[in-house]
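A.B. asks: Right, I'll just put the structure down here and ask away after.
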Amino acid sequence: MPNVWKRRSLSRNMQVIWLGMLALLALAGCATAPSASSPGPDGTAPAAKPAPIALVIGDSQANAGNAVPTSDSWVSQGLAQAGYVPRIEGYGGTGFLKGRPQDGHPSYRESLKKGVYDLPENNVGLVVVQGGGNDLKYPDRKIEAAASDTVEMLKLKYPDVPFAVVSPLNQGGDPASRRVEVSKILANVAEQQDAAFIDATGWVAEKRLARYLYEDGLHLKPEGHSLLAPVFAEALHDAGLAAVAPANEG
């Protein structure tokens, strides 16, 4: 019996020693293994992942103008507040059907067909198709077809990227405005193309921004762009499209 107890005691001691050695090896591995935030071999910090690009096909609301830089448009500012690097590929006076051929700026659809836009190849996190305010004179069915073609062509290039279709503003606030009708057409297109739809027709009236419009009654002054930007950022967040939470959230 004493020999049996000695053998069992020796076996338990060997197990304890073996487990202790494994624990020491594990601790040594944790101490030496590099983490995602550890400096590299040369002592430099690893490069931070760049913010995703939000590609915008839009009109003067995105491109700004009237002495307002593109980077200060409500579209650009709103996307930046939502965590994106805005990439605006659009021109004032254009739309899904409306172009400015005299200036070398075709419609959205024709620009995509002809390769006019400089579309990014990598790191695109969101595609925004904004506009319709310059297409008011066209029949509903033509607007719908052109908008659908526009989104479809972009989806072929960016099949795994979320999309948002943003309606025109309704600067006058009239609920019977043609701009509201075009917005409903775009909402149908967004649903058909599995894209989020953001209705911006009520923003100017709801936020009382008409006083920040230029005399043309269509384009916002710098203050108006800055005030509308967080409204757009919040709409992106509500649609589940923001890359970061809005600044007013904890």
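The values are calculated or read from the model by the stated rules, or taken from the named source; none is laboratory data. All figures in this text were calculated on a predicted structure; none of them were measured in a lab. Cβ sites come from the backbone with ideal geometry, for glycine too, and all protein chains shown count toward neighbours. Accessible surface areas use protein heavy atoms only, side chains included; no ligands, DNA or RNA. Shrake-Rupley method; radii C 1.70, N 1.55, O 1.52, S 1.80 Å.
A.B. asks: Of the residues Asp216, Asp149, which is open to solvent by 30 Å² or more (accessible area, probe 1.4 Å), over 19 Å from Leu79 (Cβ atoms) and assigned to a loop (DSSP other than H, G, I, E, B)?
C.D. replies: That would be Asp216, the only listed residue that is open to solvent by 30 Å² or more (accessible area, probe 1.4 Å), over 19 Å from Leu79 (Cβ atoms) and assigned to a loop (DSSP other than H, G, I, E, B).
A.B. asks: How about region 1-117: which helices (runs of 4 or more DSSP H) wholly inside it have at least 1 residues that are touching a Phe, Trp or Tyr at 6+ places or on another chain (Cβ under 9 Å) and at pLDDT 85 or above?
C.D. replies: 60-63, 74-81, 108-114
A.B. asks: Let me ask something else about it. Please specify each residue of region 198-213 satisfying the condition of being in a helix (DSSP H, G or I) and buried (at least 20 other Cβ atoms within 10 Å of the Cβ). If you could, list the steps in order and put the result at the bottom.
C.D. replies: Initially, region 198-213 is screened for residues in a helix (DSSP H, G or I), giving 203-206, 210-212.
The answer is Trp203, Val204.
A.B. asks: Another one. Return the total of residues in region 162-175 being part of a loop (DSSP other than H, G, I, E, B), closer than 12 Å to Val128 by Cβ and without any contact (Cβ under 8 Å) to a residue 60 or more places away in the chain.
C.D. replies: 1
A.B. asks: Still on this structure, I have one more. Is one or more of the residues making up region 185-196 of a type in the set (S, T, N, Q) and either open to solvent by less than 10 Å² (accessible area, probe 1.4 Å) or closer than 22 Å to Tyr91 by Cα (or both)?
C.D. replies: No, that holds for no residue.
Here is a yes/no grid of residues against (1) over 19 Å from Gly58 (Cβ atoms); (2) in contact (Cβ under 8 Å) with a residue 40 or more places away in the chain; (3) among the basic types (Lys, Arg):
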| residue | (1), (2), (3) |
| --- | --- |
| Lys157 | no, no, yes |
| Ser177 | yes, no, no |
| Ile185 | no, yes, no |
| Ala190 | no, no, no |
| Leu220 | no, yes, no |
| Phe232 | no, yes, no |
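A.B. asks: What are the residues in region 181-196 that are touching an Asp or Glu at 6+ places or on another chain (Cβ under 8 Å) and among the hydrophobic types (A, V, I, L, M, F, W, C), if any?
C.D. replies: The answer is Val182, Ile185, Ala187, Val189.
A.B. asks: A further question follows. Cβ-Cβ distance below 6 Å, separation of 6 or more or different chains: which pairs start in region 137-152 with a residue that is aromatic (Phe, Trp, Tyr) and end on one that is outside any helix (DSSP H, G or I)?
C.D. replies: What qualifies is Tyr138/Leu97.
A.B. asks: Which residues, counting only those in region 123-142, are exposed (fewer than 13 other Cβ atoms within 10 Å of the Cβ) and either of a type in the set (A, V, I, L, M) or in contact with a strand residue (DSSP E or B) (Cβ under 8 Å, 6 or more places away or on another chain) (or both)?
C.D. replies: Asn123 - this is the single residue of region 123-142 that is exposed (fewer than 13 other Cβ atoms within 10 Å of the Cβ) and either of a type in the set (A, V, I, L, M) or in contact with a strand residue (DSSP E or B) (Cβ under 8 Å, 6 or more places away or on another chain) (or both).
A.B. asks: While we're on this one: Out of all the residues in region 212-227, is one or more more than 19 Å from Gly92 (Cα to Cα) and basic (Lys, Arg)?
C.D. replies: no
A.B. asks: Something else about it: Among the residues of region 59-71, what is the count of those that are within 21 Å of Ala242 (Cα to Cα) and buried (at least 24 other Cβ atoms within 10 Å of the Cβ)?
C.D. replies: 2
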